[in-house]
Amino acid sequence: MSSTAERGARVVLNNVRKQYGDSVAVENLCLEVEPGEFMTLLGPSGSGKTTTLNIISGFAQADSGDLLVDGQPINGIPPRKRGMGMVFQNYALFPHMTAAQNIAFPLKQRKISKSHQRELVSAALRKVRLEGFENRYPTQLSGGQQQRVALARAIVFEPRVLLMDEPLGALDRKLRDNMQLEIRRIHREVGSTVLFVTHDQEEALALSDRIAVFNHGGLEQVGTGTELYERPRTLFVAQFLGESTQLTGQASVEAGAVVFHYQGQKIRCRSSVESSLRQAVLLIRPERLRLSTDSRSVSNDQEMIAVRIVEEVYLGAGRKLTVRLPDGSLGTVRESAGAMSDVHTGMEAVMSWDPLHAALLADDNSSQTDVEEESDLSPRPAVTALAGVAGPL
Amino acid sequence: MNSKHIGLKLYGAFVALILVLPTLIVIPVSFSNKSSFVFPDGWSLRWYETFFTDRGWMAASWNSVQIGLLSALLATVAGTAAAIGLTRWSRRKTSSTLSSILLSPMVVPGIVMAIGIYMLFSQIGLLGTVHGFVIAHAMLGIPFVVVAVTASLSGLDVQLEKAAASMGATPFGVFRQITLPLIVPGVASGALFAFVSSFDEVIVSLFIKSPFLETLPVRMYSSVTDDSNPTIAAAGTLVLLFTTLILAVGSAFSRSRRRKLSPRSSK
């Protein structure tokens, strides 16, 4: 309970492995969370993020590997002795207790005097901006208010580690955006180390200091939102965070520079990838792409390919265009309202970008099917099927 | 629309009547002025007077209340613990086998149970004792408690217990502060049924009674063969009133609680 000590704890997972029956939930998991850091565990369902949270909270035991809090291994310690705050997806408020009784619960277990309990409860209610709701039962509160009570209950005993398991999953969009801001503010005020599980990439980007992206029971990449979005290390990370336009081709090294071969065209790219990379995907974020009807307007330091506009959607703050790429697949371009081009549906255009903003990634088809939209995939099998028929003729 | 359903309503009323009529017939007979089971032509309270002044009837009633309360208590504690254990047990096969054993008193013919209990109790000297009655009746009451508590456990969110544990509550603390308060309706209705099942139990009681210890239903049963006067109808009416009252209070309690804990209807 000492608030003078450093407020957040360092949490380290070292080579953690957990198996349920025959299926491996997490494997080779190494993660370091800095004191006071807001770390989001992001991934699709079944990727191991919730298992990881359960191992940290103590509700699951790792089969092997270490869990350290401030350097101390806590593997065998039961949840009640770990002193971590937890917020659950469905709030898990005790229905037979009022908001104040719910919030006082962790204090009561710690045998804190009644008068001090009252002080801490009202301080926690103030932090979550829910003064005046002390005597309401959970059923008399709205979803957002219940979420605030759950949050107050988790922070009232000033835990050094705060675990949140998709806490905003049950709220509607508007309330969720609002609560994201509240959670950020509370994190700043409380200073605990936060581990936040979500499958919502926007939520992860909005909240986190760093994001750990999970896939198939392992970590794909750990980094700040900018790092993950601008410099994804794997195709999975690139596809899971945000939209992208993808060109599939081959990479090679020519005269010391990496060149991407796409539909008979040589495309320059910024890359530190080793020369062994053959099958590759060049990935560009939609807002980094420009469209134009005239290839002469594209400057020399840009790369470009010819596309046809399939669809345009006006979004007020900008425009989203779907384009047909030379290889037959679809790509996405976003234009902001201040920089809209004069291309429209059905027109031929050139699509250009700065090579600095294109990421060259190993083509890893297995993860592609998890994320990519069906419309992006469907043209390819059709093309190969046609080729197969045409061959013997 | 209504005329279509009138046939159904009549049929429903008819079935309901068949179900309760044999029970209700004891009420007019208990106020009879005659000394036999014929339908009365005049009213009197003499059979109630006999009931309340006769030592045998009063002793049997008191025994029934006492044994009912003690056996309900025992059945409730054991049955609640069993229901929680069986629900939480990770080895599903073992737990479902054990649960059918616990529930077997509901399906095993009463006479078979009675003979078994009689033989066992005569070996260990429990025949004609209060603890013998309490143990036998508790055994018969346990299934009611297990069924009722299991039902309310299935509606209990396990996240609540996890949440309590994460906030520092000991396993017993979680049970006392979270689990028990939330399954109280199931525990209470199990206890009521256990009490009522003990209070009107005849077959086993007939086997394990002694001339010095008998329960109200046993007394009523022997009264049919020995005295055959409407005192038994008065006793029956009182038992009916008593058990109905208990169950009505129980269901009123659980209704008011449900209203308090369930989400607002205006949402």
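The values are calculated or read from the model by the stated rules, or taken from the named source; none is laboratory data. Everything quoted here is computed from the prediction, not taken from an experiment. Methodologically, a virtual Cβ is constructed for each residue, glycine included, from the backbone with ideal geometry; neighbour enumeration extends over all protein chains shown. What goes into the accessible areas is simple: the full protein's heavy atoms, side chains included, and nothing from ligands, DNA or RNA. Shrake-Rupley method; radii C 1.70, N 1.55, O 1.52, S 1.80 Å.
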Solvent-accessible area lost in complex, 30 Å² minimum, residues of region A:59-92 relative to chain alone, 1.4 Å
A:59, A:80, A:88, A:90, A:92
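Based solely on its DSSP helices, what 222 nm [θ] is calculated for the protein assembly as shown when runs of n ≥ 4 H residues each add -39,500 (n - 2.57) and the sum is averaged over all residues, nearest 500 deg cm²/dmol?
-15000 deg cm²/dmol
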Inter-part gap, Cα centre of region A:12-71 to Cα centre of region B:32-52, in whole angstrom, is 78 Å
Along the principal axes of its C-alpha atoms, what lengths does chain A span, in descending order and rounded to whole Å?
84, 47, 40
Under 13 Å from the 7 Å Cα→Cβ point of residue A:279, by amide nitrogen: which residues of region A:247-263?
A:248-251
Given R₀ = 30 Å, what would the calculated FRET efficiency be for residue A:123 paired with residue B:158, taking r from the Cβ atoms and rounding to 0.05?
0.50
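Ranked by accessible surface with a 1.4 Å probe, highest first, in what order do B:249, A:222 come?
B:249, A:222
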Please give the direction-averaged projected area of the C-alpha convex hull for the protein assembly as shown, in square nanometres with one decimal.
48.7 nm²
Whole-Hz couplings from phi, Karplus 6.51/-1.76/1.60, listed for region A:103-119; x for Gly and Pro
5, 6, 3, x, 6, 4, 5, 8, 6, 7, 4, 4, 5, 5, 3, 4, 4
Using a Förster radius of 35 Å, what is the FRET efficiency between residue A:294 and residue A:224 based on their Cβ-Cβ separation? Nearest 0.05, please.
0.40
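Per residue, how much accessible area does region B:1-74 have with a 1.4 Å probe, in Å²?
For region B:1-74, the per-residue accessible area is 71 Å².
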Fraction of antiparallel bridges per DSSP, chain A only, in percent to nearest 5
80 percent
Computed magnitude of the charge dipole of region A:173-243 (debye, nearest 20; Cβ of K, R +1, Cβ of D, E -1):
140 debye
Residues with beta-carbon under 9 Å from that of residue A:63, excluding residue A:63: net charge, scoring Lys, Arg +1 and Asp, Glu -1?
+2
Computed for A with B: buried accessible area summed over both chains, 1.4 Å probe, rounded to 100 Å², at 2100 Å²
In whole Hz, what ³J(HN,Hα) sequence does region B:66-73 give by Karplus (6.51, -1.76, 1.60; θ = phi - 60°), x for Gly and Pro?
4, 5, x, 5, 5, 5, 5, 4
Label-point gap, in nm, between residue A:336 and residue B:33 - each point 7 angstrom along Cα→Cβ:
10.3 nm
Rank these residues by their accessible area, most exposed first, probe 1.4 Å: B:41, B:227, A:200.
B:41, B:227, A:200
What are the extents of the Cα atoms of region B:1-158 along their three principal axes, listed from largest to smallest and rounded to whole Å?
64, 62, 29
Tell me the per residue accessible area of region B:164-267 using a 1.4 Å probe; a whole number in Å² is fine.
49 Å²
Can you give the accessible area per residue of region A:9-125, in Å², using a 1.4 Å probe?
41 Å²
Accessible-area composition of the protein assembly as shown, carbon plus sulfur, in percent [1.4 Å probe]
59 percent
For chain A, the longest principal axis of the Cα atoms and the Cα long axis of helix A:143-155 enclose an angle in degrees, to the nearest 10, of 60 degrees
Loop only per DSSP, at most 10 neighbouring Cβ atoms within 10 Å: give me the trypsin sites (Lys or Arg not before Pro) in region B:45-152, ordered by residue number.
B:91
Note on region A:94-109: residues buried by at least 40 Å² of accessible area once partner chains are added (vs chain on its own, 1.4 Å probe) come out as A:94, A:95, A:96, A:105, A:109
Cα gyration tensor shape for chain B, rounded if a/c is under 1.5, else prolate or oblate
oblate
Here the FRET efficiency for residue B:104 versus residue B:131, based on Cβ atoms and R0 = 22 Å and rounded to 0.05, is 0.50
Be a star and scan region A:312-337 for residues whose amide nitrogen sits under 15 Å from the point 7 Å along the Cα-to-Cβ vector of residue A:344.
A:312-314
What does the charge dipole of region B:60-217 about its Cα centre add up to, to the nearest 20 debye, if the Cβ of each Lys and Arg holds +1 and the Cβ of each Asp and Glu holds -1?
520 debye
